[in-house]
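**Q** Sending over a structure as structure tokens; questions will come in a sec.
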Amino acid sequence: MKKSLFRVFVLAIVGVAFAAGPAFAADAGAAAYKLTSTLKVGGDGGWDFATLSADGRLLYVTRTTHTMALDVSTDKIVADIGGQQRSHGVALVPDAGRGFISDGKGASVVIFDLKTNATIGKVAASDDADSIIYDPASERVLVFCGDAHQMVAIAPDVNPAGGQAAATIDLGGSPEFAVADGNGKVYVNIADKDEVAVVDTKAMKVVARWPTGPGRRPTGMSMDRATRRLFVGCRNNKLIVMNADDGKIVADFPIGAFVDATAFYNGLALASCGDGTLTIIREVSADKFELAQVVKTELGARTMAVDARSGTVYLPTADLTFPVPSASGQPPRPKPVAGTFRILVVSSRQGPAPAR
């Protein structure tokens, strides 16, 4: 997430702090989710993306210069991986026994061992290496570099001491987040172009560009692979539902301010917003959606990870302070209060839903 976007965040959450608005509207229909607990983590540094292991046990959260691995069943930190200058995201590749951390300031990807959590090396990426995912179709770790306007593909078994990227693609704009369909297509939010770029990861090239319609500055991205619907969170307080085959806008919904992540679980699409709201929409059919619930979380809880087995949502946040704007009038980044970092746990009161 870029510094310039944090300026919008400051204005948005300050406004919410003083005047509760539509983002805190009552739930639509029977409420299924609520904030159930808080995992107190502490430590220094900000945070960005959160990534949950496939078994739902370990939550990896980047903390600017280091990355924490938290056992969510015991509320214990099991590892603190250092060596980053400005960490953003984590991709896990269990078959290779490795994890990959994007380091924006270092323009690189840090590689660590999934068993020992020890850093084993790094590979050069490009400027502002930000979001990062694993694409099973191409068997590549993909890192999206905002300032460089590039997608960098890295083999999971790359030599961590001097190895190079397998491919680099010009995306034609500033990427935010991406999702893979598992069949050779990756969909990337291009924030400064208000579009989704479609990448063929077998040919390693952009094959389509689709406007996000009423959505502006797309950030969060997720997908229902069964119905082939994309869920695009946009900074003008909209969640866009897009057909992944032709780019058609299927639906759009109002959401809170400063969305930074979306997720899909068992017929529900979720959008986590920095103003302290989690909007949930229900997929009635591939082309019909309805508002299910708006859960009140906490200011700053803009990213999330969702347990694919239970639907439990984990949202990082901390107490925030707001420095006085400079003479130029540009609002500075909010600062997390030392020692207050925590993970909010939002759970379904109805328990895990049956697999779809």
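**Q** Tally up the residues in segment 288-320 that are more than 16 Å from the chain's Cα centre (by Cα), buried (at least 20 other Cβ atoms within 10 Å of the Cβ) and within 27 Å of Arg333 (Cβ to Cβ), please.
**A** Residues in segment 288-320 being more than 16 Å from the chain's Cα centre (by Cα), buried (at least 20 other Cβ atoms within 10 Å of the Cβ) and within 27 Å of Arg333 (Cβ to Cβ): 6 in total.
**Q** Read through the list (1) farther than 22 Å from Phe49 by Cβ; (2) buried (at least 21 other Cβ atoms within 10 Å of the Cβ), then give the number of the only condition that Gly213 fails.
**A** (2)
**Q** Taking Asp71 and the conditions (1) free of Cβ contacts under 8 Å to residues at least 24 places away in the same chain; (2) acidic (Asp, Glu); (3) touching an Asp or Glu at 6+ places or on another chain (Cβ under 9 Å), which numbered condition does it fall short on, given that it satisfies the others?
**A** Failed condition: (3).
**Q** Pairs, please: C-beta under 6 Å, at least 6 apart or cross-chain, first residue under 16 Å from Val232 (Cα atoms) and in segment 271-286, second part of a loop (DSSP other than H, G, I, E, B) and among the hydroxyl-bearing types (Ser, Thr, Tyr)?
**A** Once the first residue is under 16 Å from Val232 (Cα atoms) and sits in segment 271-286, its partners that are part of a loop (DSSP other than H, G, I, E, B) and among the hydroxyl-bearing types (Ser, Thr, Tyr) give Leu278/Thr297; Ala286/Thr227.
**Q** Determine, yes or no, whether Ser272 is closer than 18 Å to Ala180 by Cα, among the polar types (S, T, N, Q), within 16 Å of the chain's Cα centre (by Cα) and at pLDDT 95 or above. First the steps, then the outcome.
**A** Values: closer than 18 Å to Ala180 by Cα: no; among the polar types (S, T, N, Q): yes; within 16 Å of the chain's Cα centre (by Cα): yes; at pLDDT 95 or above: yes.
So Ser272 does not fit the description; no.
**Q** Suppose the filter is among the small types (Gly, Ala, Ser), in a loop (DSSP other than H, G, I, E, B) and touching a helix residue (DSSP H, G or I) at 6+ places or on another chain (Cβ under 6 Å); does Gly173 pass it? Full working, then the answer.
**A** Working: among the small types (Gly, Ala, Ser): yes; in a loop (DSSP other than H, G, I, E, B): yes; touching a helix residue (DSSP H, G or I) at 6+ places or on another chain (Cβ under 6 Å): yes.
Spelling it out, Gly173 is indeed among the small types (Gly, Ala, Ser), in a loop (DSSP other than H, G, I, E, B) and touching a helix residue (DSSP H, G or I) at 6+ places or on another chain (Cβ under 6 Å).
**Q** For segment 70-101, what are the residues that are of a type in the set (S, T, N, Q) and farther than 25 Å from Val345 by Cβ? Show your work before the answer.
**A** So the first thing to find is which residues in segment 70-101 are of a type in the set (S, T, N, Q), and the list is 73-74, 84-85, 87.
Answer for segment 70-101, where residues must be of a type in the set (S, T, N, Q) and farther than 25 Å from Val345 by Cβ: Gln84, Gln85.
**Q** Separate question: Looking at the structure I just gave you, is Met221 within 23 Å of Gly89 (Cα to Cα), hydrophobic (A, V, I, L, M, F, W, C) and surrounded by fewer than 18 Cβ atoms within 10 Å (Cβ to Cβ)? Show your work before the answer.
**A** Values: within 23 Å of Gly89 (Cα to Cα): yes; hydrophobic (A, V, I, L, M, F, W, C): yes; surrounded by fewer than 18 Cβ atoms within 10 Å (Cβ to Cβ): no.
Criteria not met by Met221.
**Q** Can you tell me which residue is farthest from Arg282 (Cα to Cα) among those in segment 196-223 that are free of Cβ contacts under 8 Å to residues at least 60 places away in the same chain and not in a strand (DSSP E or B)?
**A** Of the residues in segment 196-223, the ones free of Cβ contacts under 8 Å to residues at least 60 places away in the same chain are 196-200, 203, 205-216, 218, 220-223.
Of the ones still in play, those that are also not in a strand (DSSP E or B) are 203, 212-216.
Details: Ala203: 35, Thr212: 20, Gly213: 21, Pro214: 20, Gly215: 19, Arg216: 22 Å.
In this case the residue turns out to be Ala203.
**Q** Which of (1) at pLDDT 95 or above; (2) of a type in the set (Ser, Thr, Tyr); (3) under 24 Å from Thr227 (Cα atoms) does Ser348 not meet, given it meets every other one?
**A** Result: Ser348 passes all but (1).
**Q** Could you tell me how many of the residues in segment 230-264 are over 22 Å from Trp47 (Cβ atoms), in contact (Cβ under 8 Å) with a residue 60 or more places away in the chain and assigned to a strand (DSSP E or B)?
**A** Matching residues across segment 230-264 total 1.
**Q** Please enumerate the residues belonging to segment 265-308 that are assigned to a loop (DSSP other than H, G, I, E, B) and farther than 21 Å from Ser53 by Cβ. Outline the logic, then answer.
**A** Keep residues of segment 265-308 that are assigned to a loop (DSSP other than H, G, I, E, B), which gives 266-267, 274-276, 286-287, 297-304, 307-308.
The answer is Gly267, Gly274, Asp275, Gly276, Ala286, Asp287, Thr297, Glu298, Leu299, Gly300, Arg302.
The values are calculated or read from the model by the stated rules, or taken from the named source; none is laboratory data. Fair warning: this is a prediction, and the values are worked out from it, not measured in the lab. Here the Cβ is made from the backbone with ideal geometry for all residues, glycine too, and neighbour counts use every protein chain on show.
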